[in-house]
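To start, the structure itself, in structure tokens.
The values are calculated or read from the model by the stated rules, or taken from the named source; none is laboratory data. This structure is a prediction, so every number in the text was calculated from the model and none was measured. Note that we place each Cβ from the backbone using ideal geometry, even for glycine, and neighbour counts take in every protein chain shown.
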Amino acid sequence: MTPKYKRVLLKLSGEALMGEQEYGISSHMINMFSRQIVELADLGIEVGVVIGGGNIFRGLSGEEQGIDRVTGDHMGMLATVINALALQNTIEKLGVQTRVQTGLEIPKVAEPFIKRKAQRHLEKGRVVIFGAGTGNPYFTTDTAAALRAMEIDADIVMKGTKVDGIFDKDPAKYADAKKYDTITYSEVIAQGLKVMDTAAISLCMDNDLPILVFDSLVDGNIKKAVFGEVIGTTVVK
């Protein structure tokens, strides 16, 4: 089989790293993601990863605790860096070189995001993990994923979730929820489907960058997505 995509941007949520835990990083989950990413890298597929921080801290929930939104968002960005370093460590133990690049400058921990450097790392077969979101408050890691995908000239944004694609209503609450195989950016926005935030969807729509929403908690699904097997939902023009 030939891979459908040569360069992908994989978006993983911080919550996906928790597994069955209430918070933190599950060794089982991070190993599962790392093994699949390494498999892709070994096949010559160039992989960039944007990772969330919701398993450690989420800016919006910080507001409920009386934390200023900007401060909370910066705390959330630092949480994503912790996850990025953990993912880097696990992937490198499996024999693939990685680089962590961050939207906030933390030179003793990671490289700052530089488009040309990121592209060069990918060309050399390194997995590039993008931490700290966009480096700006009020922007989610979904928006960071769309932005980084365009900056590295990725073929697609692959967003891993807990459900197998996009449904017309919450499948956890409604048994008759209907799954879409493909849907347009405009339909996602018009129907208010909580796939990615509106800024991320609009960014992809304006630049004709396809989005694949799939269940990342199923082992092997990342490779299936890259090889073009019919899983999840594709958002296109």
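Tabulated results
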| quantity | calculated |
| --- | --- |
| Check on residue 168, surrounded by fewer than 16 Cβ atoms within 10 Å (Cβ to Cβ) and more than 24 Å from residue 45 (Cα to Cα) | yes |
| Of all residues making up the stretch 26-55, the number that are within 16 Å of the chain's Cα centre (by Cα) and outside any helix (DSSP H, G or I) | 10 |
| Among (1) polar (S, T, N, Q); (2) free of Cβ contacts under 8 Å to residues at least 60 places away in the same chain; (3) within 20 Å of residue 147 (Cα to Cα), the one test that residue 89 misses | (3) |
| Options 141, 161: the member that is of a type in the set (Val, Ile, Thr), under 12 Å from the mean Cα position of the chain (by Cα) and modelled with pLDDT under 95 | 161 |
| Residues within the stretch 171-197 that are surrounded by fewer than 19 Cβ atoms within 10 Å (Cβ to Cβ) and under 24 Å from residue 17 (Cα atoms), tallied | 5 |
| Pick from the stretch 63-79, criterion modelled with pLDDT of 90 or more and among the acidic types (Asp, Glu), ranking: nearest to residue 131 (Cα to Cα) | 73 |
| Matching entry among 134, 161 (being more than 20 Å from residue 193 (Cα to Cα) and polar (S, T, N, Q)) | 134 |
| Selected residue (only one of 154, 132, 149, 190 is at pLDDT below 95 and hydrophobic (A, V, I, L, M, F, W, C)) | 190 |
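Table: residues versus (1) buried (at least 21 other Cβ atoms within 10 Å of the Cβ); (2) more than 16 Å from residue 127 (Cβ to Cβ); (3) touching a Lys or Arg at 6+ places or on another chain (Cβ under 9 Å); (4) basic (Lys, Arg).
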site: 28; (1), (2), (3), (4): no, yes, no, no
site: 37; (1), (2), (3), (4): yes, no, no, no
site: 47; (1), (2), (3), (4): yes, no, yes, no
site: 55; (1), (2), (3), (4): yes, yes, no, no
site: 58; (1), (2), (3), (4): no, yes, no, yes
site: 71; (1), (2), (3), (4): no, yes, no, no
site: 77; (1), (2), (3), (4): yes, yes, no, no
